[in-house]
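Below you'll find the structure, written out as structure tokens, and then a few comments.
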Amino acid sequence: MSIVEIRTGGRFKLKERIGSGSFGDIYIAQNVQTGEEFAVKFEESKTKYPQLIYEAKIINTLQGTVGIPNLIWCGQEGDFNILIMELLGDDIESLLNLCNRRLSIKSILILADQLLTLIEYVHGKGFLHRDLKPENLLMGFGKNSHLAHIIDYGLSKRYRDPKTGKHIPYREGKYLTGTARYASINTHQGKEQGRRDDIEALGYIFVYLFKGSLPWQGLPAASKQTKYEMIMQKKVETPLNVLCSDMPDEFQKLIEYARGLKFEEKPDYQYLKRIFKELFIRKGFEYDYVYDWLLIPLSQRLNIDINQKVTVDLEFSIHDNVVNQNLYSLHDYVVKTPKEKEKIAAQGGNPIQEDEEDLSNGDEKNPNKKKAGNPEYLRTELKSAERAPKLHSPKISQQKQPEKPKAVTETNKKQGKDCNIF
């Protein structure tokens with residue numbers, strides 16, 4: 001049975017393919033009874049390293065707050081494992097392209113406040129994400145289009161026993177798990193990841209959103225392993241005051257703080273959120289959810305190709321449970337713009353080879369996004385921002401978010417051949 005012939009869970013009809021993730025294809029599915037659309041991830045059930053059922057278990061455990069994708073159904077149909085989730089908006093990488101690859105401090109601070117809260121929630125449930133990057137950070141859709149979400153838990157891992165609360169032991173000699181560009185120095189050095197490494201990754205993401213790139217992108221290398229070593233060396237050698245130049249000191253403080261944490265040490269999330277909120281107040285910003293991409297005129301946004309990316313270096317996401325070092329999961333794929341290719345060709349270079357360290361295509365990677373060029377998405381996004389509570393700076397800490405279902409409903413469980421995760 002082919003994917004296009006599947007009626008998922010007995011009540012979801014597949015529509016167009018919207019991309020491919022690290023472990024399978026992604027489609028839009030429509031509920032044949034209500035017409036509502038969802039994101040569907042597919043994976044061959046006989047694959048050597050199945051991930052969807054594992055990811056579904058984690059997402060189901062994390063249900064209960066806005067910012068975690070709502071799990072609709074997980075099961076097996078024909079030759080495929082299937083995961084159905086709510087359909088979200090655009091990822092931050094695509095929106096960064098929409099904004100000429102620079103986000104304002106205001107937009108970054110509003111995102112940072114939400115992302116620190118979300119990663120604290122994930123950690124509080126006993127999990128590490130281990131692959132935080134702009135492509136895995138999505139805005140919501142409809143009434144939640146002003147709120148950030150964290151997706152893709154295929155590389156996530158329990159760091160704490162749910163019964164005893166005991167932390168996993170410290171180990172060395174681990175393979176790199178995650179995306180090299182945002183991985184912590186400890187991760188590069190083969191150390192077991194902890195909560196500190198997710199925080200450090202967020203720090204690199206904030207710098208990336210402000211500057212549009214990081215110093216360790218585009219490094220020429222003969223092999224992937226050499227590339228990883230060069231990225232690590234560049235991270236170690238780059239002074240934080242240089243990395244965070246032209247940015248408020250608080251961003252440097254976050255990375256310094258993360259690097260200074262011990263393996264089992266719990267991050268002080270409230271401290272990190274507080275220094276950003278104090279900066280937000282000093283700058284006189286208003287917590288109105290008006291991001292930079294909302295300030296671009298609608299007519300102009302419809303004409304922008306958000307997938308026209310600049311040159312970045314190729315990175316891979318690797319699951320450390322995979323023994324075969326040659327088995328890589330391509331998370332990113334970037335194609336140079338025509339002008340970039342012409343420029344490189346004129347200089348005698350190879351426009352394809354230079355991209356070999358970051359195969360990144362946010363549009364095809366994204367498992368549950370509505371296109372930023374979609375008029376329906378843009379209008380609902382703008383209306384949502386208008387309806388969002390206008391929280392002025394002194395009241396930032398009082399921000400409230402609507403609740404989500406705590407787990408998959410009994411009705412969803414009974415549809416199709418469900419995965420044994422509930």
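For the stretch 242-249, the criterion of a residue being within 21 Å of the chain's Cα centre (by Cα) and of a type in the set (S, T, N, Q) is satisfied by no position. Looking only at residues that are more than 30 Å from Leu96 (Cα to Cα) and of a type in the set (D, E, K, R) in the stretch 148-180, which one is surrounded by the fewest Cβ atoms within 10 Å (Cβ to Cβ)? The extreme case among them is Lys163.
Of all residues in the stretch 165-178, those that are more than 23 Å from Lys125 (Cα to Cα) have Cβ atoms under 7 Å from Cβ atoms of residues that are part of a loop (DSSP other than H, G, I, E, B) and among the charged types (D, E, K, R), 6 or more apart or on another chain, in Glu172/Lys191; Lys174/Lys191; Lys174/Glu192; Lys174/Asp320; Tyr175/Asp320. The set of residues from the stretch 237-264 being assigned to a helix (DSSP H, G or I), without any contact (Cβ under 8 Å) to a residue 60 or more places away in the chain and hydrophobic (A, V, I, L, M, F, W, C) comprises Leu240, Val242, Leu243, Phe251, Leu254, Ile255. Report whether or not Ile68 is closer than 18 Å to Tyr153 by Cα, of a type in the set (Val, Ile, Thr) and at pLDDT 90 or above. Answer is yes for this residue. Residues in the stretch 159-178 that are outside any loop (DSSP other than H, G, I, E, B) and under 27 Å from Glu93 (Cα atoms): Gly178 alone. Pairs are defined by a Cβ separation below 7 Å, a sequence spacing of at least 6 or placement on different chains, a first member in the stretch 265-285 that is touching a residue at least 40 places away in the same chain (Cβ under 8 Å), and a second member that is outside any helix (DSSP H, G or I); the pairs so defined are Pro267/Leu261; Leu279/Pro248.
Checking each residue in the stretch 250-262 for being more than 24 Å from the chain's Cα centre (by Cα) and crowded, with 17+ Cβ neighbours inside 10 Å picks out no residue at all.
The values are calculated or read from the model by the stated rules, or taken from the named source; none is laboratory data. Everything quoted here is computed from the prediction, not taken from an experiment. FYI the Cβ positions are ideal-geometry reconstructions off the backbone, even for glycines, and counts take in every protein chain you see.
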